[in-house]
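K.L.:
Got a structure for you, questions after.
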Amino acid sequence: MARNAALRVGLIGAGSMGSLHARVVKSGDATDLAWVAEPDQVRGAQLAQRHGTQWLPEPDLDSVDAVIVAAPTQFHHAIALQVIGAGKPLLLEKPLADNLAHTRELIDLAEARGSILMCGLLERFSPAVRTACEIAKAPLHVSTVRHSPYAERIRTGVAGDLLIHDVDLVLRLIGGMPTSASCHFGHFEPRSAPDSEDVADAILQFGGGQIASLSASRVAQHKVRTLTISELERVIEVDLLRQVITVYRHVQANEFDEDAGYSQQTIIDIPVMRYLGEPLQLQLQHFVSLIHGTADAHAERAGILSPHVVIDQLTLLARSKPSTATSPNEEPT
């Protein structure tokens, strides 16, 4: 396909996330929204009309250069098999599939066919997260909080929907898989399916002794998205909603100042953001780069499995009775 021609992108799924993808694809210079495929005609047609394209009850894979899937998780596997089988580059929302076996199958199939496969792990493209990860040199303790009000449209639990983002961030910050873990699920919301957890709290420990504490919830009354990276000489705090980074360095005074009433002080730095742009737009730009061959498609596929492996192990831990700490030491193949 010509590098200067807009890529014809098909969108499967017209829900909340699908509408965001539609806006970004339509507004991009390198992409054009060819169609919206959605079984619900009213919802699909409304989204298609809003962005000046056509609604289809089923995807027409022959008419597009690439596909974005924002359908419910339980449909990811079957849809992805069709898209990869048709040889189309695929951006598939997280989690990649409804279980680890299906996730492996999709990655292996894409690898065998040399197909472009990207998972919608959106925080990888957050300017604040990317900047903080570059600033961090030797993380010892990482803490994440990802809390939201309840959204009835999301049928899966918070581990695959929310916690997977922070697992992915921690694995990238530490640079390896955990050697041990513990996890607890909470089931509180009566509208949730019996096997869909509303709260997930996990502790991960790594070979170098580093510890990560992760909390995800959908029973909060407002959104909270924070990342805290503690090193020996400083703490890096990230507000993911406001895209703000603050670095704290504690200073111990030699003498007690009676007038000031304290003997400690903290130096606060506000780093300059190294990247600019909406994460979803930056993610789409990377997808386009993969299609044009200016980004590494093999490395992209290789980076998908690890957070899914950890989420699978945490889920097994949380659902086991009695709950015990164990090692999620399965390495991606």
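K.L.:
Just one of A110, A97 is part of a loop (DSSP other than H, G, I, E, B) and in contact with a helix residue (DSSP H, G or I) (Cβ under 8 Å, 6 or more places away or on another chain); which is it? So that I can check it myself, show each step before the final result.
P.N.:
Numbers: A110 fails: part of a loop (DSSP other than H, G, I, E, B).
Sole residue among the options that is part of a loop (DSSP other than H, G, I, E, B) and in contact with a helix residue (DSSP H, G or I) (Cβ under 8 Å, 6 or more places away or on another chain): A97.
K.L.:
Another question, then. If you take the residues in the range 188-205 that are in a loop (DSSP other than H, G, I, E, B) and within 21 Å of the chain's Cα centre (by Cα), which one is surrounded by the most Cβ atoms within 10 Å (Cβ to Cβ)? Can you show your working first?
P.N.:
Pass one, the range 188-205, residues in a loop (DSSP other than H, G, I, E, B): 188-198.
Okay, now just the ones that are also within 21 Å of the chain's Cα centre (by Cα), so 196-198.
Details: S196: 19, E197: 27, D198: 18.
Residue satisfying both the conditions and the ranking: E197.
K.L.:
Just need a number here: residues in the range 1-36 that are small (G, A, S) and part of a loop (DSSP other than H, G, I, E, B). Before the answer, list the steps.
P.N.:
Within the range 1-36, the subset small (G, A, S) is 2, 5-6, 10, 13-16, 18-19, 22, 27-28, 30, 34.
Next, only the ones that are part of a loop (DSSP other than H, G, I, E, B) stay: 2, 5-6, 13-15, 28, 30.
Final tally of qualifying residues: 8.
K.L.:
Restricting attention to the range 144-158, does a residue exist that is among the hydrophobic types (A, V, I, L, M, F, W, C), surrounded by 20 or more Cβ atoms within 10 Å (Cβ to Cβ), part of a loop (DSSP other than H, G, I, E, B) and touching a Ser or Thr at 6+ places or on another chain (Cβ under 9 Å)? Break it down into steps so the answer makes sense when it comes.
P.N.:
Narrowing the range 144-158 to residues among the hydrophobic types (A, V, I, L, M, F, W, C): 145, 151, 154, 158.
With surrounded by 20 or more Cβ atoms within 10 Å (Cβ to Cβ) added as a condition, the list becomes 154, 158.
Now narrow it down to the ones that are part of a loop (DSSP other than H, G, I, E, B): 154.
Subsequent filtering for residues that are touching a Ser or Thr at 6+ places or on another chain (Cβ under 9 Å) retains 154.
Yes, there is a match, as at least one residue in the range 144-158 is among the hydrophobic types (A, V, I, L, M, F, W, C), surrounded by 20 or more Cβ atoms within 10 Å (Cβ to Cβ), part of a loop (DSSP other than H, G, I, E, B) and touching a Ser or Thr at 6+ places or on another chain (Cβ under 9 Å).
K.L.:
How many of the residues in the range 169-182 are surrounded by fewer than 24 Cβ atoms within 10 Å (Cβ to Cβ) and either within 15 Å of the chain's Cα centre (by Cα) or in the same structural domain as T73 (by TED's automatic domain parsing) (or both)?
P.N.:
Residues in the range 169-182 being surrounded by fewer than 24 Cβ atoms within 10 Å (Cβ to Cβ) and either within 15 Å of the chain's Cα centre (by Cα) or in the same structural domain as T73 (by TED's automatic domain parsing) (or both): 3 in total.
The values are calculated or read from the model by the stated rules, or taken from the named source; none is laboratory data. Keep in mind that what you see is a predicted model, and the values were worked out from it rather than measured. For neighbour counting, all protein chains shown are included, and Cβ atoms are generated from backbone atoms with ideal geometry for every residue, glycine included.
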